[in-house]
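Here's the structure, in C-alpha cells; my notes come after.
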Amino acid sequence: MDNCIFCKIAAKQIPSKLIYEDDDVLAFHDINPAAPVHFLIVPKKHIATLADCTNEDAALLGKMSLLAPKLAEQLGCGYNAAGDGKGGFKTLFNIGPDGGQEVYHLHMHVLGGPRPWGRSMA
Ligand code: AMP
Ligand code: ZN
C-alpha cells in the first residue's frame, strides 16, 4: 500500500527499532511509548484493521497472539503463571476512530513493565 507507514517500515523504507521479523510479521518498538515496554506486532501484509480480517487471516492473528508473550519475555516484561505471579503485559488492538486507531495497518500493541505507565491507551 502506497503511503502506509507500517508498509514502509516492513519494506525498510522507514527505519524502526526492530525486535523480531519473519516472513509474515515484524515487531518493533513504538515511537511514542505508553509504558516502559511498548512494542507493536505488525503483519507484513497490508490489512487496514482487525475488522477487515477474514478467516484467511486466522493463522496470522494466531501467530501475532502467540508472539506477544514470547517477545514480552525477551524484553523483560513476561508473565510466568507458574512463577511468582508478578510481571505481565497488555495486548491491544485499536479499531477505527472510536477505537482510537491512528495507523490503518493492522497492529497489536504490547505494553508492559513496572507501573505507573505513561500516556493512556484508552
Ligand atoms: P494506533 O492508535 O493503534 O493506530 O497506534 C499507532 C501507534 O503507532 C502509536 O502508538 C504510535 O506511537 C505508533 N507509531 C506511529 N508511527 C510510528 C513509527 N514510525 N515507528 C513506531 N511506531 C510508530
Ligand atoms: Zn500497510
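The values are calculated or read from the model by the stated rules, or taken from the named source; none is laboratory data. A quick note: this is a predicted structure, and the numbers were derived from the prediction, not measured. Cβ: placed from backbone, ideal geometry, glycine included. Neighbour counts: every protein chain shown.
Residue 98 meets the conditions (1) away from ligand 1 (no atom under 15 Å from the Cβ); (2) over 16 Å from the mean Cα position of the chain (by Cα); (3) in a helix (DSSP H, G or I) in every case but one. The failed one is (1). Out of the range 26-46, which residues are more than 15 Å from residue 72 (Cβ to Cβ) and either away from ligand 1 (no atom under 13 Å from the Cβ) or charged (D, E, K, R) (or both)? Passing the criteria: 43, 44, 45, 46. Among the residues of the range 101-114, how many are assigned to a loop (DSSP other than H, G, I, E, B) and either hydrophobic (A, V, I, L, M, F, W, C) or touching a residue at least 12 places away in the same chain (Cβ under 8 Å) (or both)? So the count comes out to 8.
Can you go through 103, 110 and tell me which one is buried (at least 17 other Cβ atoms within 10 Å of the Cβ), within 15 Å of ligand 1 (Cβ to nearest atom) and modelled with pLDDT of 95 or more?
110
Counting residues in the range 9-32 that are surrounded by 12 or more Cβ atoms within 10 Å (Cβ to Cβ) and in contact with a Cys (Cβ under 7 Å, 6 or more places away or on another chain) gives zero. Note on the range 33-54: residues that are surrounded by fewer than 16 Cβ atoms within 10 Å (Cβ to Cβ) and of a type in the set (Ser, Thr, Tyr) amount to 1. For the range 74-95, filtered to residues that are within 16 Å of ligand 2 (Cβ to nearest atom) and either outside any loop (DSSP other than H, G, I, E, B) or touching a residue at least 40 places away in the same chain (Cβ under 8 Å) (or both), the residue that is surrounded by the most Cβ atoms within 10 Å (Cβ to Cβ) is 93.
Condition check: among the acidic types (Asp, Glu) and either within 16 Å of ligand 2 (Cβ to nearest atom) or surrounded by 15 or more Cβ atoms within 10 Å (Cβ to Cβ) (or both). Does residue 57 satisfy that? Considered against the rule, which asks whether it is among the acidic types (Asp, Glu) and either within 16 Å of ligand 2 (Cβ to nearest atom) or surrounded by 15 or more Cβ atoms within 10 Å (Cβ to Cβ) (or both), residue 57 comes out as yes. Against the criterion of being more than 22 Å from residue 1 (Cβ to Cβ), aliphatic (A, V, I, L, M), within 14 Å of ligand 1 (Cβ to nearest atom) and in contact (Cβ under 8 Å) with a residue 12 or more places away in the chain, residue 19 qualifies.
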